[in-house]
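The values are calculated or read from the model by the stated rules, or taken from the named source; none is laboratory data. Computed from a prediction, not measured in an experiment: that's the story for all the values here. Heads up, the Cβs are rebuilt from the backbone with ideal geometry, glycines too, and the neighbour counts pull from every protein chain shown.
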Amino acid sequence: MIHSLADVQTKKIGVDTNIWQFCVVLAGASIGKNCNINCNVFIENDVVVGDNVTVKSGVQLWDGVRIGNNVFIGPNVTFTNDSVPRSKVYPSRFLMTIVEEGASIGANSTIVAGITVGKFSFVGAGSVVTKNVPDFSVWYGNPARSRGYITRSGILLDPNLRDKEGNSYQFNGSDYIKQ
């Protein structure tokens with residue numbers, strides 16, 4: 001479903017994807033299946049959005065942004081793609097920013113150009129991410145720092161791999177599991 005008040009120029013949109021009012025999606029963009037692109041989102045040409053992605057209101061995805069499958073992008077998350085922006089001066093190529101499978105980025109976070117946000121990681125609301133975020137890790141703050149870990153199912157773990165009830169977890173190569 002593409003809302004009648006959206007300006008969607010691309011033909012590369014997967015089935016069961018919803019694009020709401022006041023969105024602009026340029027011709028070169030690619031959006032996967034079963035996505036929800038909320039109102040007031042701008043998606044530039046050299047952008048790839050995977051399957052089952054939620055992009056909340058007020059987000060701009062600039063050239064060079066790659067969003068993996070099952071990613072959540074909170075409201076007003078800001079991506080950059082130029083490390084030294086100047087008016088009417090463009091780099092020969094924009095930096096690539098990658099958000100890998102299952103990652104979640106909280107509202108009003110800023111993701112600096114060239115960053116990789118790892119698989120199933122979690123960036124807390126209002127964070128400024130200036131470094132790569134490893135898989136299954138929790139980062140927040142300004143600048144964002146590593147604060148712990150997270151399971152695929154979203155259980156937050158402290159730096160000692162304990163949940164809020166004190167249960168210990170161990171990484172098995174693909175997830176943290178309770179011991």
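Observations, loosely collected:
- Checking the stated criteria, R66 turns out not to satisfy the condition of being basic (K, R) and at pLDDT below 95.
- Check on G166, loosely packed, with under 14 Cβ neighbours inside 10 Å and farther than 29 Å from N38 by Cα: yes
- Test: residue in the stretch 105-112 that is among the aliphatic types (A, V, I, L, M), under 17 Å from P143 (Cβ atoms) and surrounded by fewer than 20 Cβ atoms within 10 Å (Cβ to Cβ): yes
- Flag for V77 being under 25 Å from S127 (Cβ atoms), modelled with pLDDT under 95 and of a type in the set (V, I, T): no
- Residue satisfying all of: in the stretch 113-145; in a loop (DSSP other than H, G, I, E, B) and among the charged types (D, E, K, R); surrounded by the fewest Cβ atoms within 10 Å (Cβ to Cβ) among these: K131
Quick grid of which residues meet (1) assigned to a loop (DSSP other than H, G, I, E, B); (2) of a type in the set (D, E, K, R):
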| site | (1), (2) |
| --- | --- |
| S57 | yes, no |
| R66 | no, yes |
| N69 | yes, no |
| P75 | yes, no |
| S83 | yes, no |
| I98 | no, no |
| E101 | yes, yes |
